[in-house]
Amino acid sequence: MTGCCFPVTIDRSRSRRGSFRLVRNSSFESLNRGARRDSKRGPLVVCFGEMMINLIPTVEEVSLVDAAAYKKSPSGATANVAVGISRLGCSAAFIGKVGKDEFGYLLSDILKQNGVDNSGLLFEEDARTGLAFYQLKSDGEPEFMFYRNPSADMLLRPAEIDVKLIKKAEVFHYGSVSLIKEPCRSAHLAAMNVAKMSGSILSYSPSVALPLWPSAESARENIMGIWNYADIIKVSVDEIRFLTQGDDPYDDKMIMKNLYHCNLKLLLVTEGAHGCRYYTKDFKGKVSGFEVEVVDTTGAGDSFTSGFLSIMATHKQIYKDERRLREALDFANACGAVSVTGRGAIPSLPSKDAVLRVLFSYG
């Protein structure tokens, strides 16, 4: 099947151990055909933000200091989403900046090899590609040490953004790391404005990443400063705790009062292996996750986002149809589940076939 329509309807029993029934979904197919426009892979999702190299110890469960060797792994939250969307068979582009160095050329090639339009990726002569040393701590949580003083991604200027590419986007997706310092912050705001004026759906997935910010207060202020512009927001339970300064992230009333704004079409809250919750102005609910053997959770949220946006780009009104929304979120949960079974962010992003195997073999 070509294009990026959601290919099946899942008939799931109340129990996660129930059976699945595969049903051809003609309504999704017809919607997809109507939205394809000029691309054989479907409507375009443009992702704006950072791309960097992670350096990971070759031996697990050792400190960064004690590691004898490291292997490189491409990363960057919004770049992860772009690659994830493309691997699912859909159309994605990435806008950002890397250094005019070997790592920068490598990252550009990785986008191209994964079918992502890299025409919006620029090369900076006066700064290097960002680096981050990364390890999994003994409790399974990731730990990062960033080298960005500044890195090339921080030097993207408003005049350099590819306006024509943004205007082609059905969905414009961004994070919050690009808000940390100028001139990239102004470039981020300018790109958002172009996307909004062009009628794109604005998708926001903030990243707290406190080691990158001057302070926790700065992170909270800047992340929330653009909150009310988004049409779709994906946030984790831990990020809600941070942004609300300790409020209960499972309190629906608190979430609707403090995080759901009047322009928002859909708020998604990811809960890791437990799945996700969804909130719209008309309904709310939860879609359970999948139990898999976890190797590395890095990039799982980005994989979830890529799964959902690969469907949302074609079905822009899906937030109005709870049944189809739940199907899309089931697919997104499966994307996240597949990604945690491998190590590294981009290397573990799944194909559509891998996701469907999870959906139809789980029991």
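Listed values, structure above:
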read-out	value
Whole-Hz ³J(HN,Hα) from phi, Karplus 6.51 cos²θ - 1.76 cosθ + 1.60, for the stretch 342-350, glycine and proline x	x, 10, x, 7, 4, x, 9, 5, x
Under 5 Å, built H, 5+ apart or other chain: amide partners of Gly99	Gly104, Glu124, Thr129, Gly130, Ala152
With every protein chain in place, the chain: carbon and sulfur % of accessible area (1.4 Å)	49
Built amide H within the under 5 Å cut-off of Met52, gap 5+	Ser75, Gly76
Alpha-carbon centroids, the stretch 104-179 and the stretch 59-88: separation in whole Å	13
Semi-axes of the equivalent ellipsoid for the stretch 106-188, Cα gyration tensor, largest first, Å	25, 17, 14
Nonlocal amide H pairs with Ser91, under 5 Å, H built at 1.01 Å	Val45
Proximal aspartates and glutamates to Lys352, defined as alpha-carbon separation beneath 14 angstrom and excluding residues fewer than eight positions away on the same chain	Asp330
The chain: most fluctuating residue of Gly246, Gly307, Gly272 per GNM, C-alpha cutoff 10 Å	Gly246
Cα centre as origin, Lys/Arg/Asp/Glu Cβ charges: the chain dipole, Debye	1620
Cα centroid separation, the stretch 226-295 to the stretch 298-327 (Å)	14
Leu64 paired with Lys196, simple spin-label distance in nm, labels 7 Å along Cα-to-beta-carbon	3.6
Computed magnitude of the charge dipole of the stretch 254-339 (debye, nearest 20; Cβ of K, R +1, Cβ of D, E -1)	620
Sequence of Arg148, Arg343 when ordered by accessible area, the most exposed leading, probe 1.4 angstrom	Arg343, Arg148
Positive-pole candidate from Leu210, Phe360, Leu155, dipole of the chain, charges at beta carbon	Phe360
Residue with peak Gaussian network fluctuation, the chain [Cα springs, cutoff 10 Å], from Ala79, Ala300, Ala216	Ala216
Counted charge near Ser351, where neighbours are those whose Cβ lies closer than 11 Å (Asp, Glu -1; Lys, Arg +1)	+2
Selected from Lys164, Lys234, Lys181 as most flexible by GNM, with the chain as the system and alpha-carbon contacts under 10 Å	Lys164
Hz values of 3J(HN,Hα) by residue in the stretch 239-246 - Karplus curve (6.51, -1.76, 1.60), Gly and Pro given as x	5, 5, 4, 5, 5, 9, 6, x
Karplus-derived HN-Hα couplings along the stretch 199-209 (A = 6.51, B = -1.76, C = 1.60, θ = phi - 60°), whole Hz, x at Gly and Pro	x, 6, 6, 8, 10, 10, 10, x, 10, 5, 6
Lys/Arg +1, Asp/Glu -1 at C-beta; the chain dipole; positive extreme among Ala300, Val59, Ala195	Ala195
Proximal charge balance of Tyr260 [Cβ under 13 Å; K/R count +1, D/E count -1]	+2
Computed helical MRE - 222 nm, the chain, DSSP H runs ≥ 4 contributing -39500 (n - 2.57), nearest 500	-9500 deg cm²/dmol
Whole-angstrom Cα spans of the stretch 206-363 along principal axes, big to small	43, 37, 26
Cβ charges +1 (Lys, Arg) and -1 (Asp, Glu), total dipole of the stretch 68-213, debye	240
Under DSSP loop assignment and at most 11 Cβ neighbours within 10 Å, longest GluC sites (Glu not before Pro)-free interval of the chain	126-290
Charge tally in the Cβ shell below 12 Å around Ser310, where Lys, Arg are +1 and Asp, Glu are -1, Ser310 excluded	+2
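The values are calculated or read from the model by the stated rules, or taken from the named source; none is laboratory data. Everything numeric in this text was worked out from a predicted model, so none of it was measured. Note that each Cβ is placed from the backbone with ideal geometry, even for glycine, and that neighbours are counted across all protein chains shown. Areas reflect the complete protein model, heavy atoms only, side chains present, ligands, DNA and RNA absent. Shrake-Rupley method; radii C 1.70, N 1.55, O 1.52, S 1.80 Å.
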